[in-house]
1. If you add up the charges near A:HIS67, with Lys and Arg at +1 and Asp and Glu at -1, over every other residue whose beta carbon is less than 14 angstrom from its beta carbon, what do you get?
2. For A:GLU606 and A:ARG894 in the same chain, what is the full-extension length gain: residue separation times 0.36 nm, less their Cα-Cα distance, in nm?
3. With a ≥ b ≥ c the root eigenvalues of the C-alpha gyration tensor of segment A:836-918, is it rounded (a/c under 1.5), prolate (a/b larger than b/c) or oblate?
4. Sorted by packing (mean other beta-carbon atoms within 10 Å per residue), highest first, where do A:789-798, A:192-201 land?
5. Give me the percent relative contact order of segment A:1091-1152, please, defined on Cα pairs under 8 angstrom at least 6 residues apart.
6. State the percent of C-alpha pairs, over all pairs in segment A:935-1088, separated by a distance greater than 28 angstrom.
7. Let me spell out the model: positive unit charges on the Cβ of Lys and Arg, negative unit charges on the Cβ of Asp and Glu, origin at the Cα centre of segment A:935-1088. What dipole size does that give, in debye rounded to 20?
8. Considering only the other residues whose Cβ falls under 13 Å of the Cβ of A:SER798, what net charge follows from Lys and Arg at +1 and Asp and Glu at -1?
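Rule-based calculations on the coordinates, nothing more; no lab input. Values in this document were obtained by computation on a predicted structure and should not be read as measured data. With ideal geometry, Cβ positions are generated from the backbone for all residues, glycine too; neighbour counts draw on all protein chains shown.
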Amino acid sequence: MAYEHQDIEAKWREQWRARGTYRVAPDPSRPKYYVLDMFPYPSGAGLHVGHPLGYIASDIVARYKRHCGFNVLHPMGYDSFGLPAEQYAIQTGQHPAKTTEENAARYRLQLDAIGFSFDWDREVRTSDPSFYKWTQWIFLQLFDSWYDAKADKARPISELLERFAIQGCSGQDASVLTGDIEQYVGGFTAAEWNAFDERTKQLVLQHFRLAYLSDAWVNWCPALGTVLANDEVKDGVSERGGHPVERKRMKQWSLRITAYAQRLLDGLDGLDWSESIKEAQRNWIGRSEGASVKFALTPNLSPEERGTRPGYLTADPEVAGKLMAHANTMRKNPAEAEDRLWQVIRGAGTGDKIRRQHIIDRFIVDFVCLPKRLVIEVDGDIHDHQKQEDAARTARLQELGFEVIRFANEEVIQDPYKVRDRIKEVLANRRNVAEDVEGSDGEWHSSPLPRRGAGGKGHSPSPSERGPGGEGTLSIEVFTTRPDTLFGVSFLTLAPEHELVGMLTTEDRRAEVEAYVEKARNRSERERQAEVDKVSGVFTGSYAKHPFTGADVPVWVGDYVLGGYGTGAVMAVPGGDQRDWRFAKHFGLPIIAVTEGADIEKEADERKDATICSEGFLKGLKVPQAITRAIEELERIGAGTGKVNFRLRDAAFGRQRYWGEPIPIYYKDDIPYPLPESALPLVLPEVDKFLPTESGEPPLARAKNWTYTPPLSPGEGPGGEGTPPSPSERGPGGEGTPLSPGEGSGVRAYPLETTTMPGWAGSSWYFLRYMDPKNAGRFAAKEAIDHWGQVDLYVGGSEHATGHLLYFRFWTKFLHDLGLVPFDEPAKKLVNQGMVQGMSMMANVLASSRNGEEHYRLLALNNKVEGAFERNYPVDHVTFRDGRYWINEEGANRTRSISAFRDYYLDAPVIELKPVVEKMSKSKYNVVNPDDIIAKYGADTLRLYEMFLGPVEQSKPWDTNGIEGTFRFLRKFWNLFYSGDGVASTHGVDRPNVSDDAPTKAELKVLHATLKKVTEDIEKMSFNTSVAQFMIAVNELGALKCGKRAVLEPLVIALAPFAPHIAEELWEKLGHSASVTTAPWPQWSAEHLVEDSFSYPISFNGKTRLQLEFPIALDPKSVEEQVLANPEVQARLEGKAPKKVIVVPKRIVNIVL
RNA sequence: GCCCGGGUGGUGGAACCGGUAGACACGAGGGACUUAAAAUCCCUUGGCCCGCAAGGGCCGUGCGGGUUCAAGUCCCGCCCCGGGCACCA
């Protein structure tokens, strides 16, 4: 009876489905084991041969563990939100849900064809509302949580509210508020907190929530109306369509993953993950230890004010730098309007003295008349997210006794004189309080909100912290890992986007600096990267004070400093840092030696084991000691602190896309409020087109009635917190007006958030949903989570090292903090499967024109005609012969049915092609689909072959040339059961002709050696070697003509994880009615493997020359004697006595001559 | 530049803790069965050299050194390939 793989596999697919063989329920009586694959995005192209590699490996482990008595959870689902479906929808108008459904159905067919043991009753799809309801729910938990640095965990906002009401907010609470940009929150007393109105409270809380709105730099493409990822931008234009792309600050939902930086780093040590993934995460988190150092400075507001320092310094000296900064960047756009206005109100334009870009408390205002306490603001055109902040500013400024008047951009540009007249009018009606202001800086400096600590330490500011420059002085804060080189500082460099650049630029340099900043700002990071060799920068004209020496240090702007890292400013030590050195060399700035033995003429000395040579208290110290000493000194004089810095940024969580989870937030007066749990899931609305609106809003803004109407219950806050802010606090021109379809009925409907979540949202927690996929009342039942616990084995590609795998850990830690899951790492063991590359066929092609039409000649491989080029040729139209690849006329005819190859013809009857290994991709015509392989050889052969190809972790080219070997193996295995003529069928089943005779010693040895090797190899996930061992077993048993049940039956079970269909069939034929998957794993025993003799390799000086067999029990001494007595050995010794004889029992004998 | 992997026959790859390098498979060559094909089975297959043969010798795991009775494996210095990060202060 022959091995008919097609019949067998079809039969068992159906049997497994009908019997529910792979359904699994929690069974507390058995140990659990959770095997998870990274779920796929169901793309339109279907599975290719590379996808199943990891799935097969994990399926083998899952099946093996089940045989070993574990309660195994092995689910599969789809990461079904995502860009390709949306792109396709934009092109074809087809709803992404429809294409996703179709693609998933195709995946399912393909996955089933490979015989995976997934429990499909547990399938999840991230785009299913019953799933994303809980993604949204978790988002709301993030929104409703803050990070308590002291307890080092996330806690509910309600606990923060309690704390604020009792003890206010000290700097400590705010110490983890890193974020993409730091915004000043400051502290407040309990009394102040209680006095804040709802709106202010909400604004303050934004700074603590783990999901929050913030400004982030994005690649904005106005033509596409969307934000592009870095790799979608090439040379400043979009990869698709070539539209211009600009760097832009946008209000974005972000997740405060930075709060978890240290824990994410520490947690890695305990994980059984590959070192490369752990290392990639460590790099990504990028912890560096060093110091934060302040360089005091005197701002250059205008030349005539230099040298004076009285009342115009209205800034809160602690924060000015940071905060206003933000405002400054925001205000960049309307620079033209501001400028126009400045021209007409400067000097005596209004009759009162107006200052420009002035800091008051924690803000920069556009213009101010200090004596009359009037602030004049010009609003930009697009910042709607800014309005809430403007409102907050206004409130704060009013508190300080300023009146704020605002003008729109257009207003100013149209008629600046009209605006000036309005200002004059207002000024005329205000009392002059000049006496109160000029000459006394105290009042305006003292903010009620203390500045929060610079580092993770958190402390209340002491007077000394204000810097050596004295009170009322601003400072530039830098982060350095080498405070020991402070004496070598010869200048400071600010990133072009640094907040203080505008303020520090002296008038005589303004044009030059602004031009530079503008240029740098519009260059993408990639462009900056491309010009690593070019040094560029510009001097601001200002100086800062060295904290130790008090020397004037010039402040430069240079784009080698990145705005997003550290403080966006560096202290330049050309003697100790090569980038600083190049900058200094280029601009002729002083280079001061900081270490002994440095040749600073040639390059900077970056050695970390050097000795400091700077004059002063660091002289003679080794670098590590000098660092410690320098930090002590900085802390003593209040010019800095030791600080840990992380490279990790907060994660952007909003996408201007349609096909993603809607963010369950609505806006009331521009303040985000969470939807109540009862309103979940917030279902993705229908839209007429999947494109941004004409005004550039995300696709969801197209939806009709995309609003939320809170239930009418008086006094109850919409998000369960506080009362709605009063309308008067809304910023001018704000479009906080609710869209209200139900306006007539008097019910207020509030606009919903229009961005959607990124692809990684659902995948950050899906492993929990598999545990209890149908639960309607909770993301997963507590009992289910307690039972299944962490993922024991997680298999997926290493390309997710710093994306998915980091967020996955972050969300787990967060859920752990809230007491929702008992563990704080999602996966104990991670294995990265390698990529299966495609074997491309490169044809040597020459384009030619015939009768005005383009034709392509396929040339001989070595024909190097001018103009010839290489082009991918479809791999499945190629024959392999004599170790080379060929196409002939017949093959070419088939290829011409592909439109891209219609006009190709061969230059010779047979053309050779060049094989090239590269990524498998549709466009390279090298995709191999598993369906064809399965049709020809069967799923079991595919499974075995993919495993046999090499270690799972390794990338390798797909080459079907070896597949025959595994197919032959299966047939040989089958034939062990049907040797001879076979046995006539009884009861409709062809009984194999296995005998019940007792196996021989040799047969038992083969069996047990195989069981041992296979068992150990599965545990090590070394599947290629287990397949090899099966082959050896079959070859040896074939030679022994073994057809004995006692040998073959255990082998069927052992093979079942690898080749489940054939195993089931043979198992049934052996007379079992239950599935082979229920059979206990066969144990090997050492007794059958005992050898009684060993064939020693006898080597001379390490070179093996002959073999001699000795009983295993023979002691080394006797072995040595017998070896030396051997005539052949004697002959080689030529009568001389060996210098030494080494006998390693059961290994080797080495004779040293 | 930095960090992680990895370089073994014509090919994919084996090799425990330093102990017979090349398991297993593909491909290639030769043979058996067969009208033929398919399928199956057997033999050879790292390179070079000596020998009619049996057999024997030398070289060989990216390169150069070293440790050791013994090195693919350990140490030092390089080269190359793959992946990740990057004017990261």
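1. Net local charge, A:HIS67 excluded: 0.
2. 97.4 nm
3. prolate
4. A:789-798, A:192-201
5. 40 percent.
6. Result for the distance tail: 18 percent.
7. Here segment A:935-1088 has a charge dipole of around 240 debye.
8. -3
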